[in-house]
Amino acid sequence: MSKKVLIAGGGGFIAGELARVHLERGNQVVVADIKPTNQWYQLHEQAVNHSVNLEDKSACYSLVEGCDEVYNLACNMGGMGFIENNKSLCMLSVLINTHMLMAAKDCGAEKYFYSSSACVYPDYRQTETDVVALKESDAYPAMPEDGYGWEKLFSERLCKNFEEEFGYASKVFRFHNVYGPNGTWDGGREKAPAAMCRKVIEAIESGNHEIEIWGDGEQTRSFMYIDDCITGIDKLMESNFTDPLNCGRSELVTINELLNIVEKIAGVELKRNYNLNAPQGVRGRNSDNELIKSTLGWEPEIDLATGMEKTYHWIKEQYNRRKAGEHVAI
Ligand code: NAD
């Protein structure tokens, strides 16, 4: 049966892909994003597309009215370079989820999805490269990433409070570093995998075979490919689980190892210049997947080399199109 779904933040990376998948299934899709539509990574002609500020309560109510499902992935965010320098802007996204959740409850949307983040986990559990993977319960006692992490944790709590006091339950994923085609790759908001691909392409293009790495390159992370992210959202929406749940790969790599993968794809070896003063985030982080495996019977499965190959080639194509004078979303 066809459903009507609202995809908030659909001019962005994850929600743009989610909108594509829902359209393929024959659902009625409404997409909303603050950016003008010529800056969206994916603009789907078959969807009803709105360029609108979702911090605005009345905008949320008018878009949610009549929708069966609401997916809130709208958020003012970016990689470490952005979130470490724009804490207030990150915090203000609290208005989006607050108004969207109120609208979903009041308008009777059957299901509500909120995209939280691994940045809710406390700094004090992420001080070593040799990490203990983070379990959902590790979020407390709370000491999340300043700005962005607090906004995510507050919004998660709000979702839970709505369930406990109003009987309106949400589905909440804590995403761990999602990457893939059709996401931010330049301009200051890009994250490590996309930044790494672009810098390697720039080094090859310029003939100056050097690359700047933020930090000493030994910080550890896990990265989840976009297709796994979308599969996970589907599975969560079909489940009865209503507590925040990790959604991330458990394949841990250092930033140096991530660069090794990109260099292999590109067929180069670059001289690495380590910038110890650049934003680096926590020292190490991985996703503990016991809970997602036991609740959804699944965990993200696409390996990093496979996902990075597709990401690298997509970014190279965007880079070349921009170089040729075409307008491309960055
Ligand atoms: P993205 O930046 O590509 O997409 C977010 C979109 O929200 C953007 O297109 C932006 O324009 C839009 N937006 C911002 N403020 C808005 C407003 N006031 N009104 C309407 N739209 C607004 O980010 P993404 O990577 O697709 O992330 C989607 C969600 O997943 C976000 O909530 C993010 O915090 C969360 N998340 C992402 C990652 C990741 O690695 N990509 C990791 C953890 C959590």
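The values are calculated or read from the model by the stated rules, or taken from the named source; none is laboratory data. Nothing here was measured: the structure is a model prediction, and the numbers come from that model. Here Cβ is always computed from backbone atoms with ideal geometry, including for glycine, and neighbour counts include all displayed protein chains.
Considering Glu45, Glu84, the condition of being in the same structural domain as Glu17 (by TED's automatic domain parsing) and under 14 Å from Val30 (Cβ atoms) is satisfied by Glu45 alone.
Before we move on, is Gly108 without any contact (Cβ under 8 Å) to a residue 12 or more places away in the chain and among the small types (Gly, Ala, Ser)? So Gly108 fits the description; yes. The set of residues from the range 23-48 being within 14 Å of the ligand (Cβ to nearest atom) and over 26 Å from Tyr319 (Cα atoms) comprises Val30, Val31, Ala32.
Could you list, in sequence order, all residues of the range 9-22 that are of a type outside the set (A, V, I, L, M), in a helix (DSSP H, G or I) and within 8 Å of the ligand (Cβ to nearest atom)? Please lay out each step first, then the result.
Within the range 9-22, the subset of a type outside the set (A, V, I, L, M) is 9-13, 16-17, 20, 22.
Then keep just the ones that are in a helix (DSSP H, G or I); that gives 13, 16-17, 20, 22.
Matches in the range 9-22: Phe13, Gly16.
Could you pull out the residue among Cys60, Cys75 that is surrounded by 17 or more Cβ atoms within 10 Å (Cβ to Cβ), within 12 Å of the ligand (Cβ to nearest atom) and in a helix (DSSP H, G or I)? Step by step, each of Cys60, Cys75 is checked, and only Cys60 is surrounded by 17 or more Cβ atoms within 10 Å (Cβ to Cβ), within 12 Å of the ligand (Cβ to nearest atom) and in a helix (DSSP H, G or I). Screening Leu23, Leu54 for residues that are aliphatic (A, V, I, L, M) and closer than 15 Å to Leu101 by Cβ leaves exactly one candidate, Leu54. Applying the selection to the range 99-128, what residues are modelled with pLDDT under 95 and of a type in the set (Gly, Ala, Ser)? Across the range 99-128, there are no qualifying residues.
Residues are listed down the side, and each one gets a yes or a no for (1) more than 16 Å from the ligand (Cβ to nearest atom); (2) in a loop (DSSP other than H, G, I, E, B); (3) among the aliphatic types (A, V, I, L, M):
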{"position": "Glu163", "(1), (2), (3)": "yes, no, no"}
{"position": "Pro193", "(1), (2), (3)": "no, no, no"}
{"position": "Met196", "(1), (2), (3)": "no, no, yes"}
{"position": "Glu202", "(1), (2), (3)": "yes, no, no"}
{"position": "Glu218", "(1), (2), (3)": "yes, yes, no"}
{"position": "Asn240", "(1), (2), (3)": "yes, yes, no"}
{"position": "Glu257", "(1), (2), (3)": "yes, no, no"}
{"position": "Arg272", "(1), (2), (3)": "yes, no, no"}
